[in-house]
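Visitor: Please read through the structure below; I'll follow up with questions.
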Amino acid sequence: MTARDADGVSRTWHVLDTHPDGSVDDVELTLLCVHGNPTWSYLWRRLLAAAPSGIRVVAVDHLDMGYSERTDTVRRLGQRIEDLSVVTAALGVDGPVVTVAHDWGGPISLGWALAHREQLRGIVLLNTAVHQPEGAPAPSIIRLARSAPVLQANTVTTPAFLRGTTLLSGTSLPRSVADAFAAPYATADRRSAIGAFVSDIPLEPGHPSASTLDAIAADIGGLDVPALLLWGPGDPVFSDRYLNDLIGRLPQADVHRYEGARHLVIEDAPSLVDDLLTWVADLRAGRTSAEPSPHSEGEPLWSALDERALDDPSGIALAEPTTDGAWRKVTWDLLHRNVDLLARGLAARGVHRGDRVAVLITPGADLLAVVYACWRIGASVVVTDAGLGVRGIHRALRGAAPQHVIAIPRGMTLVRALRLPGRRIPVSELPAIARLGSTMSSLPQAPGPDDEAVVAFTSGSTGPAKGVVYRHRQVQRTRDALREHYAITPRDSLVAAFAPWAVLGPALGIASAIPDMDVTSPRTLTARAFAASVRVVDGTLVWASPAAFTSILGSAGGMSDDDLAALGSLRLVLGAGAPVSPALLHGMARLCPRAEVRTPYGMTEVLPVADVTIGEIDGAGLGPGVLVGHPLEGVDVRISELDSSGTAVGPLSDRTGVLGEVVVRAPHQKDRYDRLWATERASSRETGWHRTGDVGELDDAGRLWIGGRLAHVITTADGPVAPVRIEQAVELLPEVEQAACVGVGPMGTQHLVVVVVSAKAAGGLADLGLTERVRRAAGADVAAVLVRNDLPVDVRHRSKIDRTAISRWAGDMLAGRS
């Protein structure tokens, strides 16, 4: 298209437009797409192709870029904003408009938005920036490219900067795509604006574009429209530092970080275009992300701590093992005073309401004091346990972007080595912070029920661990659900073999003991250490993973009579974190004869959901998976039926005998996934409900059976098959220690393959006898039986089988590649 620019000069722009003939009568909304440097409108090709009816997509090449006219002028940021206004006027774009921009197109689009507020309906930004955060150097790639000695050579004379940009993809771009990005810039004279764009980045005071960019950065907070930030966190140019800056300026923004994606996030994240269009559809429909809560608010999370400190000051709040084999016992009065002083001291040190504080502290007294101190002053606690591993912790903390990190020496070493965000507070400084707190006359105002309380993380058993956000009211309701369902009173005491659950002890007003074990490895919990932790607090409740149960039972032969007698105080043993086999439950019942053995079902996003006793499991026999029991009071469970491809497409139903995704609604479920808008949108597409990612069925008694993970459903030619029923049946064979049922082959025509762990069989393809016994037990058309020494499991619980990895291994084995 041709139009006169702001100087009155006739210019020609290259524009991709879904409505090139000007017929815009059916247009309800326009997406104005603005590329950066050194790309062109080709960047938006999939968005143009996928645009639904009623949506106009306009993607323009800046002058001197892409296939637009080469003007032989240097066009600064302000002029490029004016150029974009010329284009939209010439094309008759008069609103409503959602701007969509990447890289240096971000400031240009925002400048246009500020000048056209009456037309603006929303903002979408992909890996961009409007401000260089204080104290942080500009990206090294930009500083190098912009340095005078190499600027011309890198950006204009040679295609180094151009080709380097396509290498900033998190995936290897197909050669045809990389060539398409480079096509408009075949010669040096067509690359002149690439260098001009780089030199127009205002890194120093007095730069010609500095005032324009500063004005944009200062003013976008006044754009009271919905915003969406789609980010590649691996970008070496626009890192999470710039995302955090934009979140501060656009606090209303929905955010999605695509793990593994880099600078060209739209190329790296296959779902980005669909996610963007879903957000736009919600915008058009006026869909809100959540309903107002209909439930009454509970007591503050620290109220029981306050009460116990008054009623039983010398009673034990926490017992933790010391390095010399003794126990450190923390009284309610001491814990209460530590929390109070730390709360005051942290506030004095600059920890404010709404800040996020990452805690890399071994479960124990210091962790409890820090967590409750943060809650008391309204700071949110980012909890990452060592079970996530170094890579998992790195990903989790980068994504959560805490303002502060409190860590033990080992954790602080990790923080420094990985250059993780946040002001660093070594745990060794806590006494000094408490002393500072003693000089403070008052505490800050307490947080409200809608203040953020915690960011916890899923186990990462089916992909990168996801941050899960809870507000104070949701943590309160989790506490209340546990207290009411398990009839917990101040007379109870908890043995937290899954150590993070010790954090809830003070909220419940009960003593806690942390066993002597490596928290990253539940299998390090011995039976004698378990008994010692029960003895020290006269434990009545146990919370542990199946891996911990396995270790306890495997070492029970070394227990003394005193150890066995100590277990007599237990009234309730809870096994959770992964499916718990009946054999483990019976073993724990024999070891703890006075205790009721139960297994609650739930997940990081909502716990507990349901609950079942060992007696109920025995009475039910084999069924369509693992019996997890009746939903708790106030919890609703529905099933979304699977289609032939294994996709949960059915409406929410309480029909029995239907295999589908388990969908729950509970007053204590999560608030949202953290900076994962698209994931949250998919999991809560039925407002108020959470899609769990588990598959299962409801039976005639209203009980829930879990058949596995949605990602592990096997899609055969005869329909979807959940793996757990087959695994449980096969594990009844005396020679089978463990089993995994997986699919091998193309989706929709997969074959069932059972992989077993058996000390009585050689690795590889099972012999005919074992194969036939497995097939009979499975009661299904099993194509092959393979034998392994072990099955890969998740890092945190050491219990959840990684069926995806096993499926790959089985496929390679059967194809002769392993």
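Visitor: Ignoring ligands, DNA and RNA, please state the percent of accessible area on the chain from carbon and sulfur, probe 1.4 Å.
Guide: After summing per-atom areas, the C and S share lands at 52 percent.
Visitor: Be a star and scan region 305-323 for residues whose amide nitrogen sits under 18 Å from the point 7 Å along the Cα-to-Cβ vector of residue 410.
Guide: In region 305-323, the label zone of residue 410 (backbone N under 18 Å from the point 7 Å along Cα→Cβ) covers 320-323.
Visitor: Moving to a separate point now. With θ taken as phi - 60° and the coefficients 6.51, -1.76 and 1.60, list the Karplus ³J(HN,Hα) couplings across region 711-726 in order, rounded to whole Hz; mark glycine and proline as x.
Guide: 5, 9, 5, 9, 9, 8, 5, 8, x, x, 10, 8, x, 5, 4, 5
Visitor: Another one. Within the set of other residues whose C-beta is less than 9 Å from the C-beta of residue 468, count the net charge using Lys and Arg as +1 and Asp and Glu as -1.
Guide: After counting each charged neighbour, the total is 0.
Visitor: While we're looking at this one, here's another question. How would you order 180-186, 416-422 from highest to lowest mean count of nearby Cβ atoms within 10 Å?
Guide: 180-186, 416-422
Visitor: A further question on this structure: Assign unit charges at the C-beta atoms only (+1 for Lys and Arg, -1 for Asp and Glu), then state the dipole size of the chain relative to its Cα centre in Debye, rounded to the nearest 20.
Guide: Taking the Cα centre of the chain as origin, the dipole is about 1760 debye.
Visitor: Something else now. Using only the alpha carbons of region 218-261, what is the convex hull's orientation-averaged projected area in square nanometres?
Guide: Mean orientational projected area (region 218-261, Cα hull): 3.1 nm².
Visitor: Over region 324-392, one equal point on each Cα, no solvent: what is log10 I(q)/I(0) by the Debye formula at q = 0.15, 0.18, 0.24, 0.27 Å⁻¹?
Guide: Debye intensities relative to I(0), on a log10 scale: -0.54, -0.73, -1.03, -1.15.
Visitor: Let me ask another. Calculated from the structure, P(r) over Cα pairs in 20 Å bins from 0, in percent equals which of (1) 14, 42, 33, 11, 0; (2) 15, 50, 30, 4, 0; (3) 13, 41, 37, 9, 1?
Guide: (1)
Visitor: If the chain between residue 324 and residue 187 were fully stretched, how many nm would it gain, using 0.36 nm times the residue separation less the Cα-Cα distance?
Guide: Result: 42.1 nm gained on full extension.
Visitor: Quote the relative contact order of region 421-491 in percent (integer), defining contacts as alpha-carbon pairs under 8 Å separated by 6+ residues.
Guide: Taking the mean separation of contacting Cα pairs over the length of region 421-491, I get 21 percent.
Visitor: Only loop residues by DSSP count here, and only those with at most 15 other Cβ atoms within 10 Å; note down the trypsin sites (Lys or Arg not before Pro) in region 625-685 that meet that.
Guide: Those satisfying the criteria are 655, 685.
Visitor: Out of residues 5 or more away from residue 318 or on other chains, whose amide H comes under 5 Å of its own, with H placed 1.01 Å from N in the peptide plane?
Guide: 330, 512
Visitor: Just how far, in whole angstrom, is region 123-151 from region 666-722 if you go by their alpha carbon centroids?
Guide: Going from one Cα centre to the other spans 42 Å.
Visitor: Additional query: For the chain, what's the relative contact order in percent, using C-alpha pairs closer than 8 Å and at least 6 residues apart?
Guide: Computed value for the chain: 7 percent relative contact order.
Visitor: With the other protein chains left in place, how much accessible area per residue, in square angstrom, belongs to region 227-367 at a 1.4 angstrom probe?
Guide: Ligands and nucleic acids excluded, the result is 42 Å² per residue.
Visitor: Same structure again: Once fully extended, how much extra length lies between residue 735 and residue 163, figured as 0.36 nm per residue of separation less the alpha-carbon to alpha-carbon distance?
Guide: 200.1 nm
Visitor: What is the spin-label model distance, in nm, from residue 90 to residue 7 if the labels are put 7 Å beyond Cα along the C-beta direction?
Guide: The answer from the label model is 1.5 nm.
Visitor: Taking amide H positions as placed in the peptide plane 1.01 Å from N, state which residues far from residue 555 in sequence (5 or more) or on other chains have amide H under 5 Å from it.
Guide: Correct list: 527.
Visitor: How would you rank 259-269, 15-25, highest first, on the average number of other Cβ atoms within 10 Å across their residues?
Guide: Going by the mean number of other Cβ atoms within 10 Å, highest first, we get 259-269, 15-25.
Visitor: On average, how much accessible surface per residue is there in region 622-710, in Å², for a 1.4 Å probe, leaving out ligands, DNA and RNA?
Guide: Per-residue accessible area for region 622-710 comes out at 37 Å².
Visitor: Rolling a 1.4 Å sphere over the protein heavy atoms, what is the accessible area per residue of region 369-426, to the nearest Å²?
Guide: In whole numbers, region 369-426 has 36 Å² accessible per residue.
Visitor: Simple spin-label model, 7 Å along Cα-to-Cβ: residue 604 to residue 285 in nm?
Guide: The modelled label-to-label distance comes out at 2.8 nm.
Visitor: Have a look at 658, 631, 692 and report the one farthest towards the positive end of the charge dipole of region 622-710, computed about the Cα centre with Cβ charges (Lys/Arg +1, Asp/Glu -1).
Guide: The residue sitting farthest along the positive end of the dipole is 692.
Visitor: I'd like to know how region 622-710 sits against the 2.2 N^0.38 Å rule of thumb: what's its Cα Rg over that expected value?
Guide: Region 622-710 yields a ratio of 1.06.
Visitor: Over region 125-240, what is the mean sequence separation of C-alpha contacts under 8 Å (at least six apart), divided by residue count, expressed as relative contact order in percent?
Guide: 43 percent
Visitor: Nothing charged except the Cβ atoms of Lys and Arg (+1) and of Asp and Glu (-1): what's the magnitude of the dipole of region 354-468 about its Cα centre? Round to the nearest 20 debye.
Guide: 520 debye
Visitor: So what's region 713-818 giving for Cα Rg divided by 2.2 N^0.38 Å, two decimals?
Guide: Normalised Rg, Cα atoms only: 0.98.
Visitor: Go through region 597-604 residue by residue and turn each phi into a ³J(HN,Hα) via Karplus (6.51, -1.76, 1.60, θ = phi - 60°); whole Hz please, and just put x for glycine and proline.
Guide: Going residue by residue, I get 9, 9, 10, x, 10, x, 7, 4 Hz, with x marking Gly and Pro.
Visitor: Quote to one decimal, in nm, the extra length available between residue 134 and residue 699 on full extension: 0.36 nm per residue of separation minus the C-alpha distance between them.
Guide: Result for the pair: 197.5 nm of gain on full extension.
Visitor: Suppose every K and R has +1 on its Cβ and every D and E has -1 on its Cβ; what is the size of the dipole of region 709-818 about the Cα centre, in Debye to the nearest 20?
Guide: 240 debye
Visitor: Name the residues whose placed amide hydrogens come within less than 5 Å of the amide hydrogen of residue 29, ignoring near sequence neighbours (fewer than 5 apart) on the same chain.
Guide: 56
Visitor: In whole Hz, what ³J(HN,Hα) sequence does region 180-191 give by Karplus (6.51, -1.76, 1.60; θ = phi - 60°), x for Gly and Pro?
Guide: Working through the residues one at a time gives 5, 4, 7, 3, x, 10, 6, 10, 4, 5, 8, 9 Hz.
The values are calculated or read from the model by the stated rules, or taken from the named source; none is laboratory data. If you're wondering where the values come from, they're calculated on a predicted model, not measured in any experiment. When we count neighbours, we look across all protein chains shown, and the Cβ atoms used for this are built from the backbone with ideal geometry, even at glycine. Note: areas computed on protein heavy atoms with side chains; ligands, DNA, RNA excluded. Shrake-Rupley method; radii C 1.70, N 1.55, O 1.52, S 1.80 Å.
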